[in-house]
Amino acid sequence: MKAIAILIFSLFCVSLSAQMVYPDDCTITGAEEVVFDWTIDNCETEDIPDNEARFFRDADGNIQMIAGHYDAFRMIGPDFNNLVRDCANGPVYESNLNSSIGDHDDHGWIHSLFTYDGATIYAYIHNEWHGHNYGCPGGYLECWYNSITFATSTDSGKTYTHDPGPDHLALAPPYEFDEGSGPGGYFKPSDIVLNPRDGYYYMLFQIETIGGQDRGTGIVRTLTPEDPTSWLGWDGTAFTVDFVDIYNDDVDTPAMHAIEPLDIFMQGSLSWNTYFEKWMVVGPGVADDTWGFYYRISDDLISWSAPKLILESNVWTNVNAPTNVDRTLYGSVIDHDDTTRNFTQTGRDNWLYYTRWHPGSTYDRDLVRVPFQLNKFETDGWTVNSTASSYDARPGDGICESEAGGCTVLAALQESNMRPASHADSLIVIGFDIPSGGVISLDGPAGGVNRPVVFDGSTQDGYVPNTAAWNETNNAQHSVIIDFNNNEAFEFNVNHCGLKGIQFRNTNIAVRADSCFIEGCFIQTDGAQDLGINGSYGVVLYDVDGTRIGGENPEQANIILRSIWGDGSNSIIQNNKFDTNREGNTMLVNEGASAITFNSGDGNSMINNVALGGYNRAISLENSDNNLIDENIFGASQDLTTQEGGNNTAN
């Protein structure tokens, strides 16, 4: 494959992206260790590790950990290797088993812990209403309603108490529970993390569908995590959603208080990772039919990477997993070298804590941990090496590999569109290295180009750029040919995109953004025959600025059938042939009133173009000023006509 060079654009200069960082599968670096052995460490039969392990450093410098049941005991010790169950203290939190769904005070699990000083601890509680105990028509799952409540410890974590229900409510869905339709509601709040960029504290939680509230992962933020009423939820564009109590408040429009969920469905453990310099979330899941504990990373807590494996495991979320062997639950990640009070920073070397549930007993569950190391890889773009019409197998993981194998055009476009947010505005190159060339024939829609990218066909072996002058035979030879088979237009929806050295068949190019370019391409033709779509345009411009089609150098020249049409300003259309063969002496199509039409827009330049078609006018300008038309050849057409615009120059 030819080397991909830095592209210098005549209208704008955009640097190629730095290396994009992607997470990779982890390396397990040691054996599993038991932290809590139920058979010898439990304080009572139901003292089991029944949620993600949460840690903080108390005012005396001890580490405290809670991974308990609805009556929760703590573990405490001077370091991670000397944590012991504190049975003498008794439960740090006891559930009230209140039968009223509106009191949000039935079975509660401490899920989130946060402290400023290690003396006063704030806890967010996963509260389950077990309706099957109170007349709900169904079993445990069908009658399970969930909300998130709040408790406080003022004695360094020895006891946690809360206001009487429902005054301790923090987060609940704005819809009443349809008994028998569960589980439904807000579940399992994550760690609470401070984002120093904006001063807000963030928390994730699980959402199960209830009323008009969709399933997914919820995200909320506040400046004061000690105030359970201060959280605001994500509405899809900003944090504006305030929370209500549907059972105790007057709620006129519940939909206004529904949160827009993230689609990651992972919230077990949240931290700032110093290895990636990004946020990291951990939880059980599956990818490529492999079940286990996975992680994702994010620049902004909203857009997340594809999941990567930490540990393959028989996780309980796999409903088809065997039940006659150990199953694993929950999962939280801790860096034992983290010096923050709430252990919300992780590095490259960490520990995965999770529950191991032995078969044959509801309660025989141990808390275990395993050390692991994070890994990453970098890329600055992708290279298409397959002519298959196949989408990416794992969109967003940074690896262009289609479901059919190899890197296809469709897979490369998906990876580009789903690149990390930190590189959303960087310009990257998609090159080509297709063995023996060939036609890429697409069976389905490509979708739009939503991140800055150049599709560079000149990188393919066998490509020959045009060297002839604008009024001579175009001698370019393309070795990348993409046939869209009339599926849809190829659309640019973001600024700073480009096409170079590619032959396009049975499609048109739609440009809906600024500072894009098309150079060295044949559109709807191979230079000798019509390979387009009757009744379409070759290129459509939608209110663009600074677009370049062709250019001053011979290798930038295009051949375009069915004309350019649209609206735009400050664009250059130079060195192209329209509706003709590569020699410029044979008309290939006879469609359209003009070779180039600007319905509006100013400051465009049309220079050194050859147009051969049965036009009413070769170039049509309407509501357009200060345009330059210079040294073009118009054959088989009437004279140039400009309409309704003034101050245009034609030579």
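The values are calculated or read from the model by the stated rules, or taken from the named source; none is laboratory data. Since we're looking at a predicted model, the values are computed, not measured. Every residue, glycine among them, receives a Cβ derived from its backbone with ideal geometry; neighbour counts consider all protein chains shown. These area figures cover heavy atoms from the full protein model, side chains too; ligands, DNA and RNA do not enter into them. Shrake-Rupley method; radii C 1.70, N 1.55, O 1.52, S 1.80 Å.
Worth a mention:
- In the set (1) at pLDDT 95 or above; (2) over 34 Å from the mean Cα position of the chain (by Cα); (3) in a loop (DSSP other than H, G, I, E, B), the condition left unmet by Pro137 is number (1).
- Here region 590-599 is the region considered, the condition is being at pLDDT 90 or above and out of contact with any Ser or Thr (no Cβ under 6 Å at 6 or more places or on another chain), and the residue that is least open to solvent (accessible area, probe 1.4 Å) is Ile596.
- Matching residues, region 481-496, being in contact with a strand residue (DSSP E or B) (Cβ under 8 Å, 6 or more places away or on another chain) and either free of Cβ contacts under 8 Å to residues at least 60 places away in the same chain or within 12 Å of Ile523 (Cα to Cα) (or both): Ile481, Ile482, Asp483, Phe484, Asn485, Ala489, Phe490, Glu491, Phe492, Asn493, Val494
- Meets criteria (among the basic types (Lys, Arg), within 21 Å of Ala489 (Cβ to Cβ), open to solvent by 10 Å² or more (accessible area, probe 1.4 Å) and under 20 Å from the mean Cα position of the chain (by Cα)) for Arg394: no
- Positions within region 550-589 being open to solvent by less than 40 Å² (accessible area, probe 1.4 Å) and of a type in the set (Phe, Trp, Tyr), in sequence order: Phe578
- Selection status of Ser416, open to solvent by 50 Å² or more (accessible area, probe 1.4 Å) and within 25 Å of Asn495 (Cβ to Cβ): no
- Residue within region 229-248 that is in contact (Cβ under 8 Å) with a residue 24 or more places away in the chain, in contact with a Pro (Cβ under 9 Å, 6 or more places away or on another chain) and part of a helix (DSSP H, G or I) present: no
- When Asp263 is tested against (1) open to solvent by 40 Å² or more (accessible area, probe 1.4 Å); (2) among the charged types (D, E, K, R); (3) under 26 Å from Glu32 (Cα atoms), exactly one condition is not met: (3).
- Selection of region 443-466 for residues being within 19 Å of Leu531 (Cα to Cα) and open to solvent by 20 Å² or more (accessible area, probe 1.4 Å) yields Asp443, Pro445.
- Note on region 449-463: among residues that are charged (D, E, K, R) and touching a Gly at 6+ places or on another chain (Cβ under 8 Å), the one that is farthest from Gln477 (Cα to Cα) is Asp456.
- Test: Asn534 is open to solvent by 10 Å² or more (accessible area, probe 1.4 Å) and within 32 Å of the chain's Cα centre (by Cα): no
- Selection of region 52-71 for residues being surrounded by fewer than 24 Cβ atoms within 10 Å (Cβ to Cβ), in a loop (DSSP other than H, G, I, E, B) and touching a residue at least 60 places away in the same chain (Cβ under 8 Å) yields Asp58, Ala59, Asp60.
- Scanning region 174-220 for residues that are closer than 21 Å to Asn273 by Cβ, surrounded by fewer than 24 Cβ atoms within 10 Å (Cβ to Cβ), touching a residue at least 24 places away in the same chain (Cβ under 8 Å) and of a type in the set (D, E, K, R) yields one hit, Lys188.
- Residue count, region 252-292 (criterion: more than 18 Å from the chain's Cα centre (by Cα), farther than 19 Å from Arg215 by Cα and part of a loop (DSSP other than H, G, I, E, B)): 6
- Just one of the listed residues (Ala469, Ala528, Ala513) is touching a helix residue (DSSP H, G or I) at 6+ places or on another chain (Cβ under 9 Å) and either open to solvent by 50 Å² or more (accessible area, probe 1.4 Å) or assigned to a loop (DSSP other than H, G, I, E, B) (or both), and it is Ala469.
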